Each structure stands twice: as C-alpha cells, then as structure tokens.
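What follows is calculated from the coordinates using simple rules that are stated; it is not laboratory data. Values in this document were obtained by computation on a predicted structure and should not be read as measured data.
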C-alpha cells in the first residue's frame, strides 16, 4: 500500500487531526445512547472505519450486533443496507441483475442493470456464514476493489464503502465457514462478549421503557473520506513498519530461524495484508488522539483483532488446549521485548 506522508506540523492536517479526535468522541457518545458497554468493540469499529477496512463481528445471538451497526450508520449519515444471508441467497441478490425493458414508443427491448443492496455506504452482512461460498464470494471483489462486475460490465461502488459482517459461533449446522481468502479481506475480527450484570441491568432498563433515544448524524460522507485520506498520510517511522512486519512474520512457522511458539502451534501464519493493517490500524488509533505519530503501543492494541482470524493452529495446539488468543498473547508478550 503506497501513501504519501505529511509533516506533523502541517497546519491543515493538524486541524484535521483535531477534528478526527473530536469526531471520535462524539461518535462514541452517539453510539452510547443506544449501546450499553462494548467500548472495545466501538473502538475497533471506528479504527476500521478510519482505516477504510472491513469488520467481522462474532458473537452469540442477542448481543446487539445488528443494533450496533445500524446505530453507527445513523450517526454517520451514510446510506445503510442490511443483507440477511440465507442458504438460498444468490450472488445477483447482492450485486444486482440485468432486466429487460421495452420502449413503449419504439417497441425496442434493452437491458438495464438494477443495482443490488451492495450499492450502499455501510453494508451489514448478517450471518454471513449461512450462505453458500459462491454468494459469499460475491462480496470479495466489492470488499477489495470497491466495484462490482455483472454481465460483463464493471460498476463502481459508492464511497465510502464499509462492510460489517456478523457470524454466530455456536450454530454450525447448515452453515458454510468463511474461506481463508475471504476472512483475509476483513481488517478486524471483533468478538462480542456478554455484558456485565450491571450493563445488562442498564440494557433492560433502556429497552423496556417508552423513550427511544434519538441518534443525530455527526459526520458526513465527505468528512469521513477526508479523515480516511488523512490516516493514509500520517507518517509511519521505518522502525514502526519493521516492528509490524516482524510481528506478522513471527506468526509464520520456521520463519524466525529459531524455535518459537509459531513452530510449535501454528500451521499457517498471517500474510502481508496483516502487516499492512497493523500499520493502518496504528495510524487510525493515533488519529483518535489527534496524534500525528503512531506508536508501538498502537500496533500492540490492534494486533489481536487483526491476527485472530488469520492464524491456522495445528493439532498440537488443540491437544494442549491452546486457543488462538492464547497464542497471540504469547506472541505479543514476546513482541514487547523488541522495542
């Protein structure tokens, strides 16, 4: 990924950084009117949004995954489409299809492309693992290239374009696990956990009353794209890039030249896209603070959500009862010694 860099003293960009910091806090407050807790999840969503990446939300039913996404869309004043993925969903149901129209004056028949729900700013792909692979694959080009090809023609998508997919981890019967090629297109995988007892009491209080919180838009699409461009222009020191790449390569068995946790427990490590997202995620977190320089701590903070869905553990990890999160924690603990 190529990007130009800016001097941290550039007045216009410093103003944009201040705007990014203030907007982030305002967005958190707006989402907080509807969503109780889940602060780390909201931080992750905003990180991916500023970095122009996509997010996979994993959690059991009833944890407000859909409500979280729709609330974020309302606060951003962006077009929002929800696609409920089902076993009978076809690729054209997502991308759109050509229909025949007849000119009533001339009698001439022509083809017209009718756009599908993918032509929106924020896409909620609900329960994406319930649909067959060919329909899942319909999202690939859209997520990576921001365009759709149908009937030999290519149609650009409306920018900004942000895909939030949800996945239920406990209902696996009749589902189609996402292939690694598609998982890699998601910048982050965010695991939504149960709320605390106090948070759940607040949820019940809010949702069983008459008052419906009003969500006002706080950021336009033009402003969002300016902030996304700003994140790309934030400079990353060569040492920071080297740290991100070393972290990524430390997940690859046999790559470090010495016996490591990757050699013992990992079949396949992460690819170069993870290194790119580590740096972009660090830049986005720096923008949250209005800081023109990302840090090693920013990379460490975004690393678990970037690495988790890209690692393939071996049988020995399963036999020893080691989870992906356990392995990532051990890798990150070792990484803190590099700085």
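So here's what we get for this one:
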| quantity | calculated |
| --- | --- |
| Global form of region 182-339, assessed from the alpha-carbon gyration tensor, a/c cut-off 1.5 | oblate |
| Theoretical ellipticity at 222 nm over the chain - DSSP helices of four or more residues, -39500 (n - 2.57) apiece, nearest 500 | -13500 deg cm²/dmol |
| Candidates 166, 208, 135, ranked by Gaussian network fluctuation over the chain, Cα under 10 Å, top entry | 208 |
| Between helix 39-51 and the chain: long-axis angle, C-alpha atoms, 0 to 90°, nearest 10 | 70 degrees |
| Cα-based Rg and Dmax for region 124-249, where Dmax is the largest Cα-Cα distance (Å) | 19.7, 55 |
| Gyration tensor over alpha-carbon atoms, the chain, equivalent ellipsoid semi-axes in Å | 33, 26, 24 |
| Contact order relative to length of region 234-339, as percent, for alpha carbon pairs under 8 angstrom and 6 or more apart | 30 percent |
